[in-house]
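Right, one structure below, let's go through it.
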């Protein structure tokens with residue numbers, strides 16, 4: 001099973017282990033946006049299935065501060081935890097796959113659930129500082145500085161993980177640019193509740 005998973009990931013990445021901070025940042029942001037969008041779709045479906053008024057459901061979340069903070073916290077945590085099974089068994093996620101990034105143990109094997117969970121928690125706490133505005137910009141800047149100086153992020157260094165990148169080409173650049181555009185669209189959709197036009 002591990003060999004099959006390794007082959008699946010290796011087909012989309014190369015052996016370049018140099019630090020490519022912005023490439024990894026966009027891959028991570030893409031994943032967080034996709035995960036948030038998926039959560040909102042599921043959340044809306046469950047609200048509808050339980051015979052709630054979906055419009056009022058989202059109106060309360062948007063207009064009531066306590067609901068908005070709670071919703072934001074749940075979305076943030078889910079955004080990171082949803083990556084765990086993909087990182088555990090394949091070493092990549094949708095965003096990382098699009099940007100040609102794979103994270104494995106030094107022997108090329110997937111990291112497994114426990115290590116994948118520890119890595120995501122470390123990124124959530126140390127790089128994004130629990131998604132607390134302003135403060136997370138400082139921790140992201142510090143992580144970027146470490147990556148540029150040492151060639152790897154603190155969590156990959158601490159857990160002994162290897163990050164490989166796919167060689168760039170015109171086609172891959174086009175894919176990555178398209179992914180960034182889609183990222184902005186998904187980000188917009190993830191912060192706008194359904195039926196927004198009916199809330200006025």
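All of the numbers you see were taken from the coordinates with simple rules; none came from a lab. Please read these numbers as outputs of a predicted model, since none were measured by experiment. Note: ideal-geometry Cβ built from the backbone for every residue, glycine included; neighbour counts use all protein chains shown.
When peptides 135-142, 72-79, 92-99 are ranked by their average number of other Cβ atoms within 10 Å per residue, the highest-first order is 92-99, 72-79, 135-142. Once the Cβ-Cβ distance of residue 121 and residue 17 is raised to the sixth power relative to R0 = 25 Å, the FRET efficiency obtained is 0.60. Label sites at residue 132 and residue 107, each approximated as a point 7 angstrom past Cα along Cα to Cβ, lie 4.0 nm apart.
In this rough spin-label picture, where each label sits 7 Å from Cα along the Cβ direction, the residue 168-residue 185 distance is 2.4 nm.
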